[in-house]
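Inspection log for the structure reproduced underneath, given as structure tokens.
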Amino acid sequence: MYLDFYGLKEYPFNVTSDPSFLYLSDQHREALAYLQYGIESRKGFLEITGEIGAGKTTVCKALLAKLDGSCRTAFMLHSDLSELQLIEAILEDYGLTARRRTKIDMLRELNRFLLEELQHHTNVVLILDEAQTLKIKTLETIRLLSNLETDKEKLMQIVLVGQPELRKKLASPRLTQLRQRIGIRYHINPLTAHDVQKYIHHRIHVAGCSTGIDFGPGCFERIHHYSAGVPRLINLVCDRALLASYVKGRSVVELDVIEQSIIEIEGESV
Ligand SMILES: Nc1ncnc2c1ncn2[C@@H]1O[C@H](COP(=O)(O)OP(=O)(O)O)[C@@H](O)[C@H]1O
Ligand SMILES: [Mg+2]
């Protein structure tokens, strides 16, 4: 709607996890570096946590682009699968088919695949997004999957990505063995006030507006205060504010428009 008005090629503040918009704040850069290091040095289990909208999925997608050809990756984004459905989806992502759709046959096929890939020195990576929703039993099955370890290396690298509840779930006594095998842990903190401003300019630039869009006094402070530095909330406010400014025929986004956008968002979420 407002693309031409601001000289944009695409919408800068969609809430999809599009890695082409990635802004490397210190937190996101570190998360990415830890993940890459953990996978390349075969740490076994890796844990990434962060609040809703902190950028976990976006970082994982950026990670996929960084991993080289020696990795085979499956990325599970759906959190509402039963254990059987999850195992089936993992097989499908690796392009495998089991003889029968039973847990035992599917796990056997997965094990065969892991041993075969090990011989080829392929690093098999499994990313489980929204892992805080997985049942403890499912997490145990996943640990068993990776259990066949050779002397030196782990058969599979498993990245558990989730909201802060994931950490609590992993603290369960039934998951002691899994927890002990987590080699890398990283919590993605919200953006600082300084980063909020840079983040907004970055996304506008990536969306094709090379001259940038001006924001009036107090706007960035207000957005930081409202969003507490959570990228998803920053996007919601900015998208609204660009639309509202456009409707008013203003090329500069002013504080009153930011306030109005926040009131609208809050009104909808009640
Ligand atoms: N570092 C970042 N750079 C650019 N956009 C980001 C960044 N972190 C988060 N976002 C954006 O914020 C929104 C929520 O991010 P997402 O990765 O889906 O969060 P999470 O998976 O933690 O809930 C998405 O639109 C995403 O593109
Ligand atoms: Mg996510």
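Listing for the model above:
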| item | result |
| --- | --- |
| Of G218, G38, G229, the one that fluctuates the most in a GNM where the chain has Cα springs shorter than 10 Å | G218 |
| Residues whose placed amide H lies under 5 Å from that of I158, excluding near-sequence neighbours | G44, F45, L46, L126 |
| Cα centroid separation - segment 26-72 against segment 78-131, whole Å | 20 |
| Restraint check, K9/K61; K56/K154; K66/K154; K103/K135, Cα-Cα greater than 18 Å | K9/K61; K56/K154; K66/K154 |
| The chain, relative contact order [Cα under 8 Å, separation at least 6], % | 28 |
| Per residue accessible area of segment 26-188, 1.4 Å probe, in Å² | 48 |
| Rounded percent of accessible protein surface that carbon and sulfur make up, the chain, 1.4 Å probe | 52 |
| Overall Cα dimensions of the chain - principal axes, largest extent first, Å | 63, 37, 33 |
| Computed helical MRE - 222 nm, the chain, DSSP H runs ≥ 4 contributing -39500 (n - 2.57), nearest 500 | -15000 deg cm²/dmol |
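The values are calculated or read from the model by the stated rules, or taken from the named source; none is laboratory data. Owing to the predicted nature of the structure, the values given are computational and were not obtained by experimental measurement. With ligands, DNA and RNA removed, areas are computed over all heavy atoms of the protein, side chains included. Shrake-Rupley method; radii C 1.70, N 1.55, O 1.52, S 1.80 Å.
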